[in-house]
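Visitor: What follows is a structure written as structure tokens; I'll ask about it next.
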Amino acid sequence: MMMLGVVVASAQIDPFEDGIAAYDAGDFETAHALWRPLADQGDFRAQYNLGVMNQGGQGVAQNDAQAARWFRMAADQGAVRAQFSLAEMYKNGEGVAQDHAQAVHWYKLAAEQGHVQAQYGMGLAFTFGEGVAVDDFQAAYWYRRAAEQGHAYAQYNLGASYNIGAGVPLDKLLAYAWISIAAAQGDTEANPFRDALAAAMTPDQLAEAQRLSGELWNNYVQPFLPVPEF
């Protein structure tokens, strides 16, 4: 009996991890029941997860307003995914009144923590003047931050910036290089753009642009590709 008592005393109960197991098994009601008390106690991980569940109608009725509420609670504690999710809700007016300035506020907090989608969102905000004044230099800055983490659309937009000198020096070779690696990642709009740039180059220019493209691929795409499983 003493040995049994030791085993029971040393057993670890982790409602958050139990919730993960239930969620992964598709038992959303159990996951919600396990995470709700943790969220009420201030656990930002549980708050974020409840936001996801409310947004997707998993274990609870779909409710964007509740999702935004939980995301906000987690975001206020610095949870980067919650900050990004809340930014998206403000941008699209889901569960909250549409407010581009608030979207930029939360995008920036997430972007400064390295969230690649938030960095791309900041670039778009400065390109289109949503919540901030149009600023090509800031747009290019944030596109670069995301592009250097392998984000294909940011790579395309950074290439487009080099093509016209918007926020960066005019450089057709770098335009080709960035757009080429975006195309190689599946951005179909990049293919004709890359080909048009190539058609306007001399053979030497094209060779240098392709060399730059390979360098960018090795630095800013290859490290972010999934590792094959054998």
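Visitor: Mind sorting out which of [x] 18.9; [y] 17.6; [z] 20.1 is the real Kirkwood radius over Cα pairs in Å computed from the coordinates?
Guide: For Kirkwood radius over Cα pairs in Å, the calculated option is [z].
Visitor: Calculate for the chain the 222 nm mean residue ellipticity that helices alone would give, adding -39,500 (n - 2.57) per DSSP H run of length 4 or more and normalising by residue count, nearest 500 deg cm²/dmol.
Guide: About -22000 deg cm²/dmol.
Visitor: Here's another thing I want to ask about it. Suppose we take every Cα in the stretch 86-145 and form the convex hull; what volume per residue is that in Å³?
Guide: Per-residue hull volume (Cα only) is 58 Å³.
Visitor: What shape does the stretch 135-222 have by the C-alpha gyration tensor, where a ≥ b ≥ c are the square roots of the eigenvalues, rounded means a/c under 1.5, and otherwise prolate means a/b greater than b/c and oblate the rest?
Guide: oblate
Visitor: Then there's this: Rank the residues Met201, Met53, Met122 as a footprinting-exposure proxy: fewest other Cβ atoms within 10 Å of their Cβ go first.
Guide: Starting with the residue having the fewest Cβ neighbours, the order is Met201, Met53, Met122.
Visitor: What is the percent of Cα-Cα separations in the stretch 18-113 that go past 19 Å?
Guide: 38 percent
FYI, it's all coordinate maths here, none of it is from the lab. Not measured: the values here are computed from a predicted model. With ideal geometry, Cβ positions are generated from the backbone for all residues, glycine too; neighbour counts draw on all protein chains shown.
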